[in-house]
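Take a look at the structure set out below.
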Amino acid sequence: MSNLRGKHIVLGISGGIAAYKSVMLLRLLVKAGAEVQVVITPNGKEFITPVTLSALSGKPVVSEFFTANTGEWHSHVDLGLWADLMIIAPATASTIGKMANGIADNMLITTYLSAKEQVMVAPAMDLDMWRHPSTQRNIETLKRDGVIIVEPEAGELASGLVGKGRMEEPEGIVKAAEAYFAKTASLTGKRVMVTAGPTFENIDPVRFIGNYSSGKMGFAIAEEFASRGAEVLLIAGPVSMEVKGEGIKRINVVSAREMYEAAVSNFDGMDYVVLAAAVADYAPETVSESKIKREGTDEMVLKLVKNPDIAATLGSMKTTQKIIGFALETDHELENALHKLKKKNLDWIVLNSLRDPEAGFMKDTNKITIVSDTGMELEFPAKRKTEVAKDIADVVAGK
Ligand code: C5P
């Protein structure tokens, strides 16, 4: 039985000759048990009639923002929320360009911008249009934004030319959709613990030692594992971010000591443990119960004591768990990361490149190299943290 059964799919059709193949794609999706809502661009309707599409999908085709005679408003937001997957096939160079730049002048693009779940694009165009730097740049943008590209095939094109640009066959697009949903269920039954954010070490009731960690990387990892069906425990330092997605339990902590206790007491039974938190290495030896006064003191010495190393402790407790640590190094990056991995008995270490302008604290992007306990290195280009989370999950838990 296909895993598309019961899935809500928005099928977006733009105006290219390959739109004739979308009829077969729609038929196959419906046959596989999916509920399909078609959204077509004004140009798309020049190639294929909405009557065929509504007959096959069993739903009125959406194209305009509202129905002219009744004034009924079609909500792209509702559609975007409804969809478990949006497939845009064919996606013309124009539609790809609008998607990459957020030019929301038709219902298909507004729905794309409102889509909460995965979007998949099957480009179709002439070979010159496909290889034009502008198209390639837009495709790269879409990839960075997390869109799955179902690569066009090489072959005879409608123009009579031969080359790359022919839309993937409907069967191939259905396979890509099935592969996507298989991945979303690939970690069902697995338990994952993620530490994220900074820790704050109190000096007195109003002051602390902290760091600039935003928690974005750890939160993206928690969400990515959960989206693949895992049961996730997120141990979050003090950040104001909300975590999205089902299957995530969150424990909020403030200090390294609290994070340590939460991590150690929940370690048993975990399959994967990802330590993305920026844990303070030292904490004040004593915490003043009342606010420290400025009067009468020109100098102040704060004595700090070492915090427990969560990663090393879990590494020493490890039985079957796979532990993934993070490292931020300024020099001899790979050598130091591998040394850290061995010392803490980790399985993988994710090296953040501090030198890269697209990596680091507070940013939405990161550039990583994943190092395994055998010394294997996988280097990735700078990507959004949500995409980096996918690469990490792919590597440590399998695609
Ligand atoms: O030794 P270093 O702090 O560079 O190691 C970084 C890795 O160790 C990260 O995965 C971080 O979350 C973890 N760590 C920890 N407990 C500490 C310090 C770091 O778990 N006290």
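The values are calculated or read from the model by the stated rules, or taken from the named source; none is laboratory data. Remember, predicted model here, so these are calculated numbers, not experimental data. Counting neighbours? That spans all protein chains shown, and the Cβs are built from the backbone with ideal geometry, glycine included. Calculation scope for accessible area: heavy atoms of the full protein, side chains included, ligands and nucleic acids excluded. Shrake-Rupley method; radii C 1.70, N 1.55, O 1.52, S 1.80 Å.
Total lysine pairs in the stretch 159-270 at Cα distances under 30 Å, for residues eight or more apart or on different chains: 13.
Can you list the equivalent-ellipsoid semi-axes of the stretch 189-338, largest first and in whole Å, using the square root of 5 times each Cα gyration tensor eigenvalue? All intermediate terms of the calculation are to be shown ahead of the outcome.
Numbers: eigenvalues 188, 62, 40 Å².
So the three semi-axes of the stretch 189-338 are 31, 18, 14 Å.
Computed from the Cβ-Cβ distance with R0 of 35 Å, the FRET efficiency linking Leu161 to Ala182 stands at 0.50. Computed over every Cα-Cα pair of the stretch 80-198 and binned at 5 Å starting from 0, the pair-distance distribution P(r) comes out as 2, 10, 19, 20, 18, 13, 8, 5, 3, 1, 1, 0 percent. Taking every DSSP bridge with both residues inside the chain, close to 30 percent are antiparallel. Taking amide H atoms as placed 1.01 Å from N in the peptide plane, the amide H of Ala91 lies under 5 Å from those of Ala122, Ala124, each 5 or more residues away in sequence or on another chain. Running Debye on the stretch 1-145 with equal point scatterers at the Cα sites and no solvent, what base-10 log of I(q)/I(0) appears at q = 0.13, 0.14 Å⁻¹? With no solvent term, the Cα-only Debye profile gives -0.53, -0.62.
Size of the stretch 222-278 from its Cα atoms: along the principal axes, largest to smallest, the extents are 30, 28, 16 Å.
Stokes-Einstein diffusion of the chain at 10 °C, 1.306 mPa s viscosity, Kirkwood radius from Cα pairs, rounded to a whole number: 67 µm²/s.
Computed from backbone phi, the HN-Hα couplings of the stretch 35-41 come to 9, 10, 10, 8, 10, 10, 7 Hz, rounded to whole numbers (Karplus: 6.51 cos²θ - 1.76 cosθ + 1.60, θ = phi - 60°; Gly and Pro given as x). Length gained on full extension, Glu169 to His132: 11.1 nm, using 0.36 nm per residue less the C-alpha separation. Straight Cα distances below 14 angstrom link Lys367 to the aspartates and glutamates Glu329, Glu333, Asp356, Glu358, Glu377, Glu379, Glu387, Asp391, with same-chain residues fewer than 8 positions distant left out.
Per residue, how much accessible area does the stretch 327-391 have with a 1.4 Å probe, in Å²?
I get 53 Å² per residue for the stretch 327-391.
Only helical runs count toward this figure. For the chain, summing -39,500 (n - 2.57) over DSSP H runs of n ≥ 4 and dividing by all residues gives -10000 deg cm²/dmol at 222 nm. Per-residue packing, averaged as other Cβ atoms within 10 Å, sorts the ranges 146-159, 172-185, 106-119 into the order 106-119, 172-185, 146-159, beginning with the highest. For Asn307, the residues 5 or more places off, or on other chains, whose built amide H falls under 5 Å of its own are Tyr282, Ala283. Straight Cα distances below 28 angstrom link Lys303 to the lysines Lys291, Lys293, Lys340, Lys343, Lys344, with same-chain residues fewer than 8 positions distant left out. Kindly state, to the nearest 0.05, the FRET efficiency for Met317 paired with Lys249, given R0 = 22 Å and r defined as their beta-carbon distance. So the FRET efficiency works out to roughly 0.60. Taking every protein chain into account, the accessible area of the stretch 8-184 amounts to 44 square angstrom per residue (probe 1.4 Å). Counting protein heavy atoms only, the chain has 53 percent of its accessible area on carbon and sulfur, 1.4 angstrom probe.
With R₀ set to 51 Å, the beta-carbon distance separating Leu304 from Ser75 gives a calculated FRET efficiency near 0.40.
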